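The values are calculated or read from the model by the stated rules, or taken from the named source; none is laboratory data. Note that this is a predicted model, so its numbers are computed, not measured. When we count neighbours, we look across all protein chains shown, and the Cβ atoms used for this are built from the backbone with ideal geometry, even at glycine.
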Amino acid sequence: MLGNEGTDVNMQKLKQILNLRGLFTIAFAICFGSYVIYVLDIIGQWTSSWSWVISGLFATILLRWSYGMMSRKGFKKLCVYVLIVFLAVAPVFVVYQAATVQSVAQSLTSSKEINYFRNLLGRSYNYTELIEWEHQSLRWNGSSTMLAYTDPIEIYEYHQARCGGYAILYAELCISQGYQCRIVVNIFGDHAWNEVKIDGKWTRIDASPTGAPMSENIGYPLFYEEKWHHPPILALAFEGSSIVDATGNYRSDHWSLLSVSTLVFAFINAWFAVCIYLIWKKFFTRAKILIFRSKLAK
């Protein structure tokens, strides 16, 4: 009888834990999904004072709850792993993208490309005429099988490109006409455009066929936020060997991924996710122990 009573008690505890585990799994899925949507900027909403308060509060509570689940050695290891992922692995993609575009930007100042397009154009063009000339010379091709050239001469001779090709060719055309021009790339988005220095100020020029009128492709830095509802997460501008974070210019909140506040916010949320995992793992481990004890009692 005692064995049966013990089994019943264990089964009741098991059901309670499994119920909690199920609810916690749902909560974890909701939190994780919301965090992914939030970070990827699908809904276009970013950091606010409330998000700081809520994230900091949850991170503190979960830290207190999860700290007792592991040894100090394990806790230190986990901190190191989080730091490695956050500080080393995450920026690899950014560095790779930046290095690739920078090499392209540096090649645009060579005399070979400049003389080629200066002779090809045959006369002086202003920056708006260069957009029209490029539209007559290139055809948009969004196919995944299209060859994505990074050399402006090859792009012109191929006569088709995506936004990156349009941006590279337009930069070279502007440089050949004496303009200062840089390539702007949304690192975590699939788009690129240009900035041309006009009257001492950098002005957005999107030479790719965006479907918008010319007036919205010249200037209008909030175009991507207001028309496409997708403000850039990290927009880097490349001119020669220089790289500039231009993200704040294209967002109404002037937010920047590389700011200290954003990095702290991301780290808090990363720790929040780790704590959720630890608590979920504790429930799962307790459930397995109770199942094992129930089997022994039988």
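Numbers at a glance
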item: Residue within the stretch 131-142 that is of a type in the set (Gly, Ala, Ser), at pLDDT below 95 and more than 16 Å from Leu120 (Cα to Cα) present; result: yes
item: Search result, residues across the stretch 241-274 that are surrounded by 14 or more Cβ atoms within 10 Å (Cβ to Cβ) and either at pLDDT 80 or above or closer than 30 Å to Thr109 by Cα (or both); result: Ile243, Val244, Asp245, Ala246, Thr247, Gly248, Asn249, Tyr250, Arg251, Ser256, Leu257
item: Residues of the stretch 169-227 that turn out to be within 17 Å of Ile131 (Cβ to Cβ), of a type outside the set (Val, Ile, Thr) and not in a loop (DSSP other than H, G, I, E, B), as a count; result: 22
item: Test: residue in the stretch 137-157 that is in contact (Cβ under 8 Å) with a residue 60 or more places away in the chain and either touching a Pro at 6+ places or on another chain (Cβ under 6 Å) or farther than 25 Å from Pro232 by Cβ (or both); result: yes
item: Candidate set: the stretch 108-125, residues that are of a type in the set (Ser, Thr, Tyr) and assigned to a helix (DSSP H, G or I); chosen: the one surrounded by the fewest Cβ atoms within 10 Å (Cβ to Cβ); result: Ser111
item: The lone exception for Leu234 - which of (1) under 30 Å from Ser110 (Cα atoms); (2) at pLDDT 90 or above it fails; result: (2)
item: All positions within the stretch 157-200 that are buried (at least 17 other Cβ atoms within 10 Å of the Cβ) and among the acidic types (Asp, Glu); result: Glu172, Glu195
item: Per-region count, the stretch 160-198, residues without any contact (Cβ under 8 Å) to a residue 24 or more places away in the chain and more than 18 Å from Ser137 (Cβ to Cβ); result: 2
item: Residue check for Leu296: modelled with pLDDT under 70, loosely packed, with under 14 Cβ neighbours inside 10 Å and either within 30 Å of Glu132 (Cα to Cα) or more than 21 Å from the chain's Cα centre (by Cα) (or both); result: yes
item: Of all residues making up the stretch 208-219, the number that are at pLDDT 95 or above and in contact with a His (Cβ under 9 Å, 6 or more places away or on another chain); result: 0
item: Set Ile187, Ile183: member being closer than 22 Å to Glu225 by Cα, out of contact with any Lys or Arg (no Cβ under 7 Å at 6 or more places or on another chain), of a type in the set (A, V, I, L, M) and modelled with pLDDT under 95; result: Ile187
